[in-house]
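Trainee: Sharing a structure with you now.
The values are calculated or read from the model by the stated rules, or taken from the named source; none is laboratory data. Bear in mind that the values here come from a model prediction, so they are computed numbers and not experimental data. Note that each Cβ is placed from the backbone with ideal geometry, even for glycine, and that neighbours are counted across all protein chains shown.
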Amino acid sequence: MRALSRTAVIFAVFVVLGAVAFLASAPHPRVAAWTHRVATPAAPRPLSSSLSAATPAPATIPDPLNSARPMTLAQSSRPDAGNWITARPAFQYSRTAAERGGVEPCDTQVPESSAFEPWAPLSQGHFIAPREGVLDATGHFDLVLHLNGDEPVRRELIASQQRFILYSLTLANQGYAPLVTNSHLVETVVRELEQKLSKREGKLAIVGHIALSAWSAGFVGVEAALAAPSAQSVDAVLLIDGLHAPRNDPAAFKAQLQPFVDYARRAANGERFFFVSHSSIDPPDFASTTESAHYLIASLGGEPQAVRRNDALGLELVESFDRGEFHVRGYAGNDKADHCAQLVLLRDAFSALGRRWARAH
């Protein structure tokens, strides 16, 4: 009962930001320009107004998720709060639509999708599949099971050029954790997809790799799924600006994040893949995604690296952490647009997953 109450409160904290996921069902006049705009990050801001042509270029470090986009090392502008793990998020500002290249991240953006079938229903939620090459030579398919947000996730899967099956479920008036637990969601989705794809392909279809993905309030469903027996088959977890925990109850905070700490340790050892992103949104009653991500990093004895990079949709990267297959990316921005923009990060995460799973075949 206590776990369900905590889940319900967390879900309520997210209800305003999480509701923007439903914009995916409404067309928008900027649709035609989306593909070009999202592929081109905003022009980088100068790292320092005092830099001159004679100043050496800032040092960079590679990004294991995208080798074409290194990260520039930076001096941290986080205020000295005495404890970086529990410090509230800094970077309390948000870029305007003009600074984002004229794009409103929360608007519906529909990509060119001819390589995929339309959404098809399951008993709960729906899925898309590639028109060709759904199964590998052994009859297996790779699955991303995503909670909260449909069209933006489809957009990023298509842009990543990966041929995963994407299942998506977005809820309006109920929590994800009770549904995932009570309906045995992962097992049910796998069973239904194997049946549908076997019929469609005319041969036995068997799930191969499974990733659990979530944006915003969907993370509580991932937490519930990790507690189920089916979690043993989950090879990857992707959490987009959604990892929260009670701030003023240390025991509840630790309990909320413990499944993710355990998964981070396995990912750091290369056994699993774990991607976490956070904005700088600072909710009044719960530990932010920044604080929660910092707790995971600290649990591994690590500390985030201060970096700078301008990413798509006006996202401003401010810190990163990589150990093994555990990856954290932290961004500036404290508004709804910054929360929505985080979904574009699935593109690199999907690409990295594709490389990992290709090596495993």
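Trainee: Whether any residue in segment 140-147 is of a type outside the set (A, V, I, L, M, F, W, C), under 24 Å from Arg347 (Cβ atoms) and surrounded by fewer than 14 Cβ atoms within 10 Å (Cβ to Cβ) is what I want to check. Steps first, please.
Mentor: Within segment 140-147, the subset of a type outside the set (A, V, I, L, M, F, W, C) is 140, 142, 146.
Next cut, under 24 Å from Arg347 (Cβ atoms) only: 140, 142, 146.
If we keep only those that are surrounded by fewer than 14 Cβ atoms within 10 Å (Cβ to Cβ) too, we end up with none.
No - not one qualifying residue is present in segment 140-147.
Trainee: Determine if segment 320-338 includes at least one residue that is hydroxyl-bearing (Ser, Thr, Tyr) and outside any helix (DSSP H, G or I).
Mentor: Residues of segment 320-338 hydroxyl-bearing (Ser, Thr, Tyr): 320, 331.
Within this subset, residues satisfying the condition of being outside any helix (DSSP H, G or I) are 320, 331.
Yes, that holds for at least one residue.
Listed here are the residues, each with its yes/no results for (1) free of Cβ contacts under 8 Å to residues at least 60 places away in the same chain; (2) in contact with a strand residue (DSSP E or B) (Cβ under 8 Å, 6 or more places away or on another chain); (3) small (Gly, Ala, Ser); (4) in a strand (DSSP E or B).
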| site | (1), (2), (3), (4) |
| --- | --- |
| Arg95 | no, yes, no, no |
| Asp107 | no, no, no, no |
| Gln124 | no, yes, no, no |
| Phe127 | no, yes, no, yes |
| Leu135 | no, yes, no, no |
| Phe141 | no, yes, no, yes |
| His146 | no, yes, no, yes |
| Leu157 | no, yes, no, no |
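Trainee: Right, another one. Can you run down the residue pairs with Cβ atoms below 8 Å, 6 or more apart or on separate chains, where the first is in segment 233-259 and on the phi > 0 side of the Ramachandran plot and the partner is assigned to a loop (DSSP other than H, G, I, E, B) and modelled with pLDDT of 95 or more?
Mentor: Short answer, once both residue conditions are applied: Asp241/Ser279; Asp241/Ile281.
Trainee: If Val110 passes every condition in (1) within 23 Å of Phe164 (Cα to Cα); (2) surrounded by fewer than 14 Cβ atoms within 10 Å (Cβ to Cβ); (3) in contact with a Pro (Cβ under 8 Å, 6 or more places away or on another chain) but one, which one does it miss?
Mentor: Failed condition: (2).
Trainee: Still on this structure, I have one more. Considering only residues of segment 312-345 that are among the acidic types (Asp, Glu) and out of contact with any Phe, Trp or Tyr (no Cβ under 8 Å at 6 or more places or on another chain), which is surrounded by the most Cβ atoms within 10 Å (Cβ to Cβ)? Talk me through it step by step, then tell me what you get.
Mentor: Just the residues of segment 312-345 that are among the acidic types (Asp, Glu), to begin with: 316, 319, 322, 325, 335, 338.
Filter once more, so that each one left must be out of contact with any Phe, Trp or Tyr (no Cβ under 8 Å at 6 or more places or on another chain): 319, 322, 335.
On the way: Glu319: 27, Asp322: 19, Asp335: 18.
Looking at the filtered set, the residue picked out is Glu319.
Trainee: Here is a follow-up. Being in a helix (DSSP H, G or I) and within 21 Å of the chain's Cα centre (by Cα) is the requirement here; does Ala231 meet it? Full working, then the answer.
Mentor: Working: in a helix (DSSP H, G or I): yes; within 21 Å of the chain's Cα centre (by Cα): yes.
For Ala231, the condition - in a helix (DSSP H, G or I) and within 21 Å of the chain's Cα centre (by Cα) - is met.
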